[in-house]
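Structure first, commentary second.
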Amino acid sequence: MAWTKYEAVSGVSTWPGLAPRYCLRANAGLYCCMSIALLIVLFAVLFLVFVSLILFVVGPSLLLQPYRRTIDYYRRYTSLLHPSQLPYRHEEFTLATAEGIPLSCWLLHPLREPRGTVLYLHGVSESKISGLPMADLLCGAGFLVMLYDARRHGDSGGRFCTYGFYEKHDAGTIISYLKSRADLRLGRIGLFGTSMGAAVALQVAATDPRVAAVVAESGFDRLRSVFDDYQRRMIKLPFHYLRNIVIMRSEQLAHFKASAVSPADSVGRIRIPLLLMHGTADPLIRPSYSHQVFERANEPKELWMIQGATHSNTFQVGGDEYRRIVAGFFERTLA
């Protein structure tokens, strides 16, 4: 059988008679693959645009307007809901921030002459109710304890939560009020902050010389880094530009600077005794953040990692050792 000369069509050598049909199929297959690839790229672009628009609208609300936990929420988890249930005299009043935002406050008096004063700063979405166990511990140790709902939390007013950008000034307003009262013997003033409250406490201590000691529990290093973590958990996308969209829009709405909310930077300006605590099983805020803040802190400083504790049960998991360490720290630094 004799071989016939084959032709070159579109640069591809083919056998006579089969060449046009073969090349058409090849070109059609290539065109189909390119079409599918373009559709995939188009879908990905449209999906990112859609997600970006959703986050542009919804993201700032999630960041700036966290859910307010009311007394009904706490009833499901505890029977300790009001300072009247504790054996200490208490006061209830409202103070206004520099912008006129009302802050709901409880002041608890120890049974003996105060050894010092501690402000309790709660976490995001929490309220002063969450601080009652700590108030019981510290009042029992002889300290005057101030609990208050941060702006945009509990019974306090305010449209936005800024994680310390404005809240640090609110704590200063509380301290100024307490110092203005001639009937109170304050002694030295300490701060106990948990979660967001820990971040606020470190920012307060970096700028207010009236603060003599700080306990910061389950805190973060920077607002941007902890928001990255929340973004990955909620929408499972790692893109930093999505975070930047939300933060940029949030800054415009609340008139604050997210990069300024940085306990890791604030701690370098603190020269007072500092105790950092964090649960090793915290699923919400990485325990490594407390390590990072601790490394940047000045002496005197202490770090206690509570084995097995999550974000919200450090008090329970730590037990008697937790009570001894916290009360002992304030007794050494304030009394």
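The values are calculated or read from the model by the stated rules, or taken from the named source; none is laboratory data. Fair warning: this is a prediction, and the values are worked out from it, not measured in the lab. Quick reminder, even Gly has a Cβ in these numbers, built from the backbone with ideal geometry, and neighbours come from all protein chains shown.
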So which of G100, G131, G123 ends up being surrounded by 23 or more Cβ atoms within 10 Å (Cβ to Cβ), part of a loop (DSSP other than H, G, I, E, B) and modelled with pLDDT of 95 or more? G123
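Quick check on my filter: what residues within segment 276-290 are among the hydrophobic types (A, V, I, L, M, F, W, C) and either assigned to a loop (DSSP other than H, G, I, E, B) or outside the structural domain of G197 (by TED's automatic domain parsing) (or both)? Can you show your working first?
Step one: list which residues in segment 276-290 are among the hydrophobic types (A, V, I, L, M, F, W, C), which gives 276-277, 281, 284-285.
Hits for segment 276-290 are A281, L284, I285.
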Collect the residues in segment 61-87 that are of a type in the set (A, V, I, L, M) and either assigned to a helix (DSSP H, G or I) or under 30 Å from A258 (Cβ atoms) (or both), keeping them in residue-number order. L62, L63, L64, I71
If you scan segment 298-311, which residues turn out to be surrounded by fewer than 18 Cβ atoms within 10 Å (Cβ to Cβ) and either within 24 Å of I270 (Cα to Cα) or free of Cβ contacts under 8 Å to residues at least 24 places away in the same chain (or both)? N298, E299, P300, E302, L303, M305
For L86, work out the one condition from (1) under 25 Å from A212 (Cα atoms); (2) touching a strand residue (DSSP E or B) at 6+ places or on another chain (Cβ under 9 Å) it doesn't fulfil. (1)
